[in-house]
1. Can you go through GLU117, GLU141 and tell me which one is charged (D, E, K, R), part of a helix (DSSP H, G or I), in contact (Cβ under 8 Å) with a residue 40 or more places away in the chain and surrounded by 12 or more Cβ atoms within 10 Å (Cβ to Cβ)?
2. On the basis of being over 20 Å from LYS40 (Cβ atoms), buried (at least 19 other Cβ atoms within 10 Å of the Cβ) and at pLDDT below 95, does ILE76 make the cut?
3. If LYS81 satisfies every condition in (1) out of contact with any Pro (no Cβ under 6 Å at 6 or more places or on another chain); (2) modelled with pLDDT of 90 or more; (3) of a type in the set (D, E, K, R) but one, which is the exception?
4. Name the single residue that is modelled with the lowest pLDDT among those in the range 8-43 being of a type in the set (A, V, I, L, M, F, W, C) and closer than 30 Å to ARG162 by Cβ.
5. Can you find even one residue in the range 200-209 that is out of contact with any Leu (no Cβ under 6 Å at 6 or more places or on another chain) and outside any helix (DSSP H, G or I)?
6. Being of a type in the set (A, V, I, L, M) and part of a loop (DSSP other than H, G, I, E, B) is the requirement here; does VAL175 meet it?
7. Which pairs do you get when a residue that is in contact (Cβ under 8 Å) with a residue 24 or more places away in the chain and of a type outside the set (A, V, I, L, M), found in the range 185-205, comes within reach of a residue that is surrounded by fewer than 17 Cβ atoms within 10 Å (Cβ to Cβ) and in a loop (DSSP other than H, G, I, E, B), reach meaning Cβ atoms under 9 angstrom, with the pair 6+ apart or on two chains?
8. ARG164: in contact with a Gly (Cβ under 8 Å, 6 or more places away or on another chain), farther than 26 Å from LYS202 by Cβ and in contact (Cβ under 8 Å) with a residue 12 or more places away in the chain, yes or no?
Amino acid sequence: MGTVVDAPAVVTEKEVVAENMLGDKKVTVVFVLGGPGSGKGTQCSNIVEHFGFTHLSAGDLLRAEIKSGSENGTMIENMIKEGKIVPSEVTIKLLQQAMIKNENDKFLIDGFPRNEENRAAFENTKISPAFVLFFNCSEEEMERRLLGRNEGRVDDNIETIRKRFKVFVESSLPVIEYYDAKDKVKKIDAAKPIPEVFEDVKAIFAPYAKAT
C-alpha cells in the first residue's frame, strides 16, 4: 500500500520540472483578455516596447497560416468559411510553433483563450500563464470607442459590436473567472485615458523590466 501512497508525489515533482518548458527553453506567458474596444492592442504594443515581450495574436497567426497556402491553412480557411470554430489544438499548435521559432522567452498571448474549451486545451501543454491581464471596460465605453474609430472596419456597426460583446461575455468571462479563483488575474481599469492605463500596466510588469 505504501508505494501507492507515494506515487502522486513523484508525478507532481515531474510535472513541476516539465511545466512551462517549450522545447529546450522555459517560457513566461501572459494571457491578455478584454472586450472589443478595450484597448488591448495599444497596451500590448507598449508592453512589447518597454518590457521586451513578444506579442502573439491567435487571430493573426491563423490569418498568416491561411495566407501561407499550406494544407493546414486551407483547412482553417474552409472551417471559417463554413462558420465552424477552428479547433483549439490547431490554434495552440500555431502559438507553440511561434514561441519555439522566436528567440524570446516572454510572450503576450492576445485574445486567447477565448473560451473554457480553449483554456482546458492549453492547460494540456503544461504551460500555465504567469497571470492574466484583463482590460476591464464598460460596454458603453467600448461601444463609444468602436463607433468612433475610423478604421473603415465593416464589422464596426452597432449590431455587430453588440454581438461581439455578447460573445465575449458568454465565452471569455468564464475564463477570467476561472483564473481569478486561482488569484491569477490582474485587472486593469481600461476606461481611463491611454497614458493612465499604461501607468497601471507598468506597475504590473515592473518585475519584467528589461535590464538597462
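The values are calculated or read from the model by the stated rules, or taken from the named source; none is laboratory data. What you see is a predicted model; the values in this text were computed from it and never measured. Neighbour counts run over all protein chains shown; Cβ positions are idealised from the backbone, glycine included.
1. GLU141
2. Spelling it out, ILE76 is indeed over 20 Å from LYS40 (Cβ atoms), buried (at least 19 other Cβ atoms within 10 Å of the Cβ) and at pLDDT below 95.
3. (2)
4. Looking at the filtered set, the residue picked out is LEU33.
5. yes
6. Here the answer is no, as VAL175 does not meet what is asked.
7. Every condition considered, the pairs that remain are LYS202/ALA209.
8. yes
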